[in-house]
Amino acid sequence: MSQAANTGIQERPAPTAAASPGSLSSRSLPRWAPAAFAGAAIVLGVGIGAAAGWQSRIQWGLLSAVLFIVISYVTTSVVENQRQAKDRLATSVVWVCFLLAVVPLASLIWTTVSRGAKVLDVYFLTHSMAGVLGTAPGGGVYHALIGTLEQVGLATLISAPIGLLTAVYLVEYGKGALAKAVTFFVDVMTGIPSIVAGLFILSIMLIAQLQPSGLMGSLALTILMIPVVVRSTEEMLKLVPNELREASLALGVPKWRTILKVVLPTAIGGITTGVMLAIARIAGETAPIILLVFGSQLINSNPFQGAQSSLPFYIWEQYKIGSEASYDRAWAAALVLIAFVMILNLVARGIARWKAPKTGR
């Protein structure tokens, strides 16, 4: 008798070499198949678009995207199975959506860099437009850069403490109708257009007979910045474990001191990141600055008196002139503004990584 008969275990027949069509071991496409599908879709899209007389490359691209999805699904259905085809369909749709989002952004960055680099140099960053005709070459962005730094800095000094304290109230103390009302108005402020904030400050200026200045623009930017700071800080405070609060309170530490010494230091990385992102959000606002700051060709380092310029206002002003030199200055200023926002985002990421909770030993 065999060993299987002695142990009472029945032997199973060996699996056949050919797998069933619906099994997981059926035929599969090679790894380079998506790239081949994309190449075939592009060739077909360009060919069909050219044959149909389409002049727009956007139409060619959209047709190629649709063909890529169709080719991927049909080929996978024929070669593999319906399960893999559905998976390939979802993956293709995700890739197409990703490209649809990245291509316009890449095009914008390429256009800004290629056109702004013509006049962007040390002279452009260290000189103003004083004594320079708008239609003539020359001049710089120094006065606008100073205005942006001062206006955004004042808005941050005003809005960051208010937003932080509001978020602490909502998370640590807020209960009842008052907390609900504050949350409602923060949500409403998050969606208001920038021109509304500018008109609100303008009405106060007209009532109090105040003159345009960088401070007036900072107040409008503050209205736009506060809800962003409140929302980001609120979410960061909610991520702090309640066990830390309870441990501090169990030791007899007052609640205000627990918030100051335990809760805020734990969430400081996320709070700082939220403030940096809020600064990046208001740095490119133009409408309130046009209404409240009025712009200036001269260097005005006093934000509390007199008209001032800013990078968004400078871009709008130079583009409105309509000459080749003014267009170059506008694109260069746009490149400076993009670099400013990018630096803020990199700083926010660095602070978030620096203050992130340490893992491991």
Quiz item: Can you tell me the Rg and Dmax of the stretch 133-209, counting just the alpha carbons, in angstroms?
Solution: 18.7, 62
Practice problem: Determine ³J(HN,Hα), in whole Hz, for all residues of the stretch 35-46 in sequence, where each value follows from phi through the Karplus function 6.51 cos²θ - 1.76 cosθ + 1.60 and θ = phi - 60°; x replaces Gly and Pro. | Solution: 5, 5, 4, 5, x, 5, 5, 5, 4, 5, x, 5
Exercise. Measure off 7 Å from each Cα along the Cα-to-Cβ vector at Val43 and Gln305, then give the distance between these two points in nanometres to one decimal.
Key: 7.3
Quiz item: Using alpha-carbon positions, what is the distance between the centroids of the stretch 229-252 and the stretch 89-126, in Å?
Solution: 39
Quiz item: For Ala155, what charge total do you get from the other residues with a beta carbon under 12 Å from its beta carbon, if Lys and Arg give +1 and Asp and Glu give -1?
Solution: -1
Quiz item: Mind checking the dipole of the chain: about its Cα centre, +1 per Lys or Arg Cβ, -1 per Asp or Glu Cβ, Debye to the nearest 20?
Solution: 880
Self-check item: Summed residue charge, Cβ within 14 Å of Val119's Cβ, Lys/Arg positive, Asp/Glu negative
Solution: 0
Exercise. Once you've got the GNM for the chain with C-alpha springs shorter than 10 Å, pick whichever of Thr190, Thr222, Thr286 has the biggest mean-square fluctuation.
Key: Thr190
Quiz prompt | Spatially close lysines, pair count over the chain: Cα under 18 Å, gap of eight or more or interchain | solution = 7
Practice problem: Using Cα pairs closer than 8 Å and at least 6 residues apart in sequence, work out the relative contact order for the chain, in percent. | Solution: 20
Practice problem: Would you mind checking the radius of gyration and Dmax of the chain based on alpha-carbon positions, in Å? | Solution: 30.0, 110
Practice problem: Considering Cα pairs under 8 angstrom that are at least six residues apart, work out the relative contact order of the stretch 142-355 and quote it in whole percent. | Solution: 31
Quiz prompt | Of Met342, Gln297, Thr286, farthest towards positive along the dipole that unit charges on Lys, Arg, Asp, Glu beta carbons give the stretch 269-356 | solution = Met342
Self-check item: Range in the chain, longest, excluding exposed chymotrypsin sites (Phe, Trp or Tyr not before Pro) [loop by DSSP; at most 16 other beta-carbon atoms within 10 Å]
Solution: 55-303
Quiz prompt | Over the stretch 142-355 - Rg/Rh using Cα atoms and the Kirkwood inverse-distance radius | solution = 1.05
Quiz item: To the nearest 500 deg cm²/dmol, what mean residue ellipticity at 222 nm is calculated for the chain from DSSP H runs of n ≥ 4 alone, each contributing -39,500 (n - 2.57), summed and divided by the residues?
Solution: -23000 deg cm²/dmol
Self-check item: J(HN,Hα) series, the stretch 100-108, from Karplus relation 6.51 cos²θ - 1.76 cosθ + 1.60, nearest Hz, glycine and proline x
Solution: 4, 7, 7, 4, x, 5, 5, 5, 4
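Since every read-out is calculated from the coordinates, none of them should be taken as a lab result. Remember, predicted model here, so these are calculated numbers, not experimental data. When we count neighbours, we look across all protein chains shown, and the Cβ atoms used for this are built from the backbone with ideal geometry, even at glycine.
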